[in-house]
Amino acid sequence: MKIYHAPNTRSIRIVWLFEELGLPYELELFKLGDAAMRTPEYRKVHPMGRVPALQDGEQVIFESGAIIQYVLARHAGGRLAPRADSPEFANYLQWFHYAEGMIMPPVNTLVVETVFLPPESRNETNVKRATKLLGQMLAAVEQGLQGRDYLAGDFTAADIITGQATIVAARLGGDISDKPAVSAYIDRLKARDGWQRALAAA
């Protein structure tokens with residue numbers, strides 16, 4: 001399988017997933033904003049010219065959550081996701097989707113305002129609002145981690161998605177000074193061999 005990846009993007013989730021599962025993969029590597037991602041050829045892979053995308057034989061799929069669900073269903077042999085009759089299944093679904101619904105919108109605002117826009121075009125009100133909102137989103141993660149190391153019991157794909165979003169959120173200024181469980185969670189995720197190998201792959 002081929003993973004289309006650029007460092008410092010959501011596509012790290014897919015590389016991390018493959019490393020955790022021990023699945024072989026080929027890496028098609030871009031830099032963020034690479035002109036090669038805007039070519040007609042690449043837009044046949046991802047119509048928005050973004051990453052991640054996954055090619056599995058003739059099948060091409062994009063969007064990180066969809067890719068992860070696809071890989072789990074087709075290639076994971078029941079790993080990294082609780083069974084539907086597990087008491088952790090509802091937690092797993094909640095945290096699998098929490099990142100994109102709740103954490104990433106303010107993250108996206110902060111990335112635009114502090115990374116992509118030149119200083120003279122930045123809106124400090126947007127930055128302050130997004131930073132405050134991010135703290136609120138991380139407060140729910142703090143609550144969800146009480147008494148546990150991972151969001152759905154054992155380490156699962158929900159930790160790959162929401163865990164990666166949490167790492168990014170803290171890096172961009174999300175306040176974790178009053179969130180010891182989140183802080184420990186980030187350290188725990190960063191210490192995983194799968195995360196370290198995913199970072200080293202690019």
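With labels modelled as points extended 7 Å from the Cα through the Cβ direction, what inter-label distance (nm, one decimal) is found for Arg148 paired with Ala202?
With each label point 7 Å from Cα toward Cβ, the separation is 2.8 nm.
Mind telling me which of Gly57, Gly163, Gly77 comes out most flexible in a GNM of the chain, alpha-carbon contacts under 10 Å?
Gly57
Roughly what percent of Cα-Cα pairs across region 87-140 reach past 17 Å? Numbers along the way, then the final one.
Values: 632 of 1431 pairs.
More than 17 Å apart: 44 percent of the Cα pairs in region 87-140.
When the gyration tensor of the chain is built from Cα positions, what are the square roots of 5 times its three eigenvalues, in whole Å, from largest to smallest?
Values: eigenvalues 131, 123, 37 Å².
Gyration-tensor ellipsoid for the chain: 26, 25, 14 Å.
Among Pro82, Pro118, Pro24, which one shows the highest mean-square fluctuation when the chain is modelled as a Gaussian network with alpha-carbon springs under 10 Å?
Result for the chain, Cα springs under 10 Å: Pro118 fluctuates most.
Where does the chain land at 222 nm, in deg cm²/dmol rounded to the nearest 500, when only DSSP H runs of n ≥ 4 count, each adding -39500 (n - 2.57), divided by all residues? Intermediate values should be presented prior to the final figure.
Numbers: 9 runs with 100 residues, N = 202.
Value at 222 nm, helices only: -15000 deg cm²/dmol.
Express the C-alpha Rg of region 2-80 as a ratio against the empirical globular expectation 2.2 N^0.38 Å, rounded to two decimals.
Values: Rg = 12.1 Å, N = 79, 2.2 N^0.38 = 11.6 Å.
Rg over 2.2 N^0.38 Å, computed on Cα atoms: 1.05.
Please go through the residue pairs Lys128/Lys179; Lys2/Lys128; Lys44/Lys128; Lys44/Lys132; Lys132/Lys190 and name each one whose alpha carbons sit more than 30 Å apart in this structure.
Lys2/Lys128; Lys44/Lys128; Lys44/Lys132
Whole Å is fine, so just give me how far the alpha carbon centre of region 134-155 lies from that of region 37-69.
30 Å
Residues in region 9-43 near a label at Asn108, defined as backbone nitrogen under 16 Å from the 7 Å Cα→Cβ point?
9-11
We did not get these values from a lab; they are worked out from the coordinates using the rules stated. Just so we're clear, the structure is a prediction, and the values are computed from it rather than from any experiment. FYI the Cβ positions are ideal-geometry reconstructions off the backbone, even for glycines, and counts take in every protein chain you see.
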